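Q: Shown below is the structure under consideration.
The values are calculated or read from the model by the stated rules, or taken from the named source; none is laboratory data. From a predicted model like this one, the values you see are computed outputs, not experimental measurements. Cβ atoms come from the backbone with ideal geometry, glycine included; neighbour counts cover every protein chain shown. To get the accessible areas, we keep the full protein, side chains included, count just its heavy atoms, and leave off ligands, DNA and RNA. Shrake-Rupley method; radii C 1.70, N 1.55, O 1.52, S 1.80 Å.
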Amino acid sequence: MTDIDTALDPDVAQAAIEHCFDQGWSDGLPLVPASRPLVDRFLATTDRASDEVIGRLAQVGREVTVELAAINAAMAGCKPEYFPVVLAAWDALMRERATGGGGWQSTSGPAPLIVVNGPVRDELGFNKAGGVFGPGFRANATVPRAIGLIVRNALGIHPHVFEQATQGLPGRWSICVAENEEESPWEPLSVEAGLPAGASAVSATLLRTSEFVDNRHTSDAEQLLADFADTISRTGAWIFRHASAGIVFCPEHAQLLAGAGFDRAKVRAWLAERCGRTVGDLADVGKDGLGDNGVRHASGARPDGFDKLLPTDDPKHLLIAVAGARNAGISMVVRLFAGWSATAVPVEAVTHEQS
């Protein structure tokens, strides 16, 4: 036995983990017990005061402080040096209209989508290539989990209590991707959102779901975009008069489009013109009317433009990022819960804490 073997007591660790379960702090998976020294290491990575309030939810009378965020990031399994990214992701989500309203409590159970840009991707080991929506990378897995634990423990949004998701999403607290800037033909998402090139940054919004588009069949850009338009336009996604969407293109699809002269703006304009269903299509599924609250139903007004999914080519209506490996033509359509704020939040300079 080594010295470290004798210093580690798995029974003590198990007892601490079970204590976290007993307190109701867990999302269903084991937590890292957050000791005072560990939390202090998280707080040492930011210049923000530990008692600074970084979020409120008026309807439940709860608020989030930097220290509460640090505690939950520690329990989520983050390394201390991830904490500036957690704070940036949280700040980005707070810019979204839905997160200050009923988004966390919605019946659709929306999932945060977190996109990381800049040098911090490689500094902290965020996955930007193969399997970017899947498991296997600590930074990608624990940063969004930290957001989920903050919502649960600081804001008190627990399933079957304040959280009212009818079924929810399997990826609710697990979608964090680094943009594959190196293989993207376009500027980074954070640059489009207004930050300088080369800055470490986070963009975030809420999703209703994600749907893959597998198209390795054509080298024609408009045929490819038509496949995305068909996916975006399915009737099941229509809830309000208009809806917002996004696309996380794989490098292969993005490069094909760019080679045909499509930048982000032209992709949006092409899709905005063609995404939609006829009122007759909507009538077949009982969504051909529009109430005063903007919700679709089987009777009501049918105003001009009612059968268009994307109202404009504005970035907030169609988020476009690039991530994944360049080994197949498989991309992801993401259903935005509401219009994206089209902003990005800089990541504080990271302090690399030693274990």
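Q: Scan segment 205-227 residue by residue and report those that are more than 16 Å from residue 332 (Cβ to Cβ) and either touching a Leu at 6+ places or on another chain (Cβ under 7 Å) or open to solvent by 60 Å² or more (accessible area, probe 1.4 Å) (or both).
A: Within segment 205-227, 217, 218, 219, 220, 221, 222, 223 meet the criteria.
Q: Go through segment 112-153 and give me each residue that's among the aromatic types (Phe, Trp, Tyr) and either free of Cβ contacts under 8 Å to residues at least 40 places away in the same chain or within 13 Å of residue 181 (Cβ to Cβ) (or both).
A: 126, 137
Q: Please state which one of 296, 268 is out of contact with any Pro (no Cβ under 8 Å at 6 or more places or on another chain) and either of a type outside the set (S, T, N, Q) or open to solvent by 40 Å² or more (accessible area, probe 1.4 Å) (or both).
A: It is 296.
Q: Within segment 320-355, work out how many residues are over 21 Å from the mean Cα position of the chain (by Cα) and at pLDDT 90 or above.
A: Summing the residues that are over 21 Å from the mean Cα position of the chain (by Cα) and at pLDDT 90 or above in segment 320-355 gives 4.
Q: Within segment 319-345, how many residues are in contact with a Ser or Thr (Cβ under 6 Å, 6 or more places away or on another chain) and not in a strand (DSSP E or B)?
A: The total comes to 3.
Q: For residue 310, all conditions in the list (1) within 29 Å of residue 342 (Cα to Cα); (2) assigned to a loop (DSSP other than H, G, I, E, B); (3) modelled with pLDDT of 85 or more hold save one; what is the number of the exception?
A: (3)
Q: Also, quick follow-up: In segment 251-260, which residue that is open to solvent by less than 40 Å² (accessible area, probe 1.4 Å) and more than 22 Å from the chain's Cα centre (by Cα) is nearest to residue 232 (Cα to Cα)?
A: Looking at the filtered set, the residue picked out is 257.
Q: Follow-up. Residues in segment 56-74 that are in contact with a helix residue (DSSP H, G or I) (Cβ under 9 Å, 6 or more places away or on another chain) and open to solvent by 10 Å² or more (accessible area, probe 1.4 Å): how many? Even if it seems obvious, please write down each step before you answer.
A: Quick first cut of segment 56-74, residues in contact with a helix residue (DSSP H, G or I) (Cβ under 9 Å, 6 or more places away or on another chain) only: 56-60, 62-74.
From what's left, open to solvent by 10 Å² or more (accessible area, probe 1.4 Å): 56, 58-60, 62-63, 65, 67-68, 71.
Here the count works out to 10.
Q: So, in segment 282-291, how many residues would count as being open to solvent by 50 Å² or more (accessible area, probe 1.4 Å) and more than 30 Å from the chain's Cα centre (by Cα)?
A: Here the count works out to 1.
Q: May I ask you to verify whether residue 181 is out of contact with any Gly (no Cβ under 6 Å at 6 or more places or on another chain), open to solvent by 20 Å² or more (accessible area, probe 1.4 Å) and in a loop (DSSP other than H, G, I, E, B)? Explain how you work it out, then say what you get.
A: Numbers: out of contact with any Gly (no Cβ under 6 Å at 6 or more places or on another chain): yes; open to solvent by 20 Å² or more (accessible area, probe 1.4 Å): yes; in a loop (DSSP other than H, G, I, E, B): yes.
When the stated conditions are applied, residue 181 passes them.
Q: Something else about it: Could you figure out which of (1) modelled with pLDDT of 85 or more; (2) under 20 Å from the mean Cα position of the chain (by Cα); (3) crowded, with 20+ Cβ neighbours inside 10 Å isn't true of residue 317?
A: (1)
Q: Looking at (1) buried (at least 17 other Cβ atoms within 10 Å of the Cβ); (2) of a type in the set (A, V, I, L, M, F, W, C); (3) at pLDDT 95 or above, which is the one condition that is false for residue 238?
A: Residue 238 satisfies every listed condition except (3).
Q: If you go through segment 191-204 one residue at a time, do you hit one that is at pLDDT below 95, over 20 Å from the mean Cα position of the chain (by Cα), of a type outside the set (Ser, Thr, Tyr) and open to solvent by 30 Å² or more (accessible area, probe 1.4 Å)?
A: No, that holds for no residue.
Q: Looking at segment 20-40, is at least one residue of a type outside the set (D, E, K, R), under 24 Å from residue 167 (Cβ atoms), open to solvent by less than 50 Å² (accessible area, probe 1.4 Å) and in contact with a strand residue (DSSP E or B) (Cβ under 9 Å, 6 or more places away or on another chain)?
A: no
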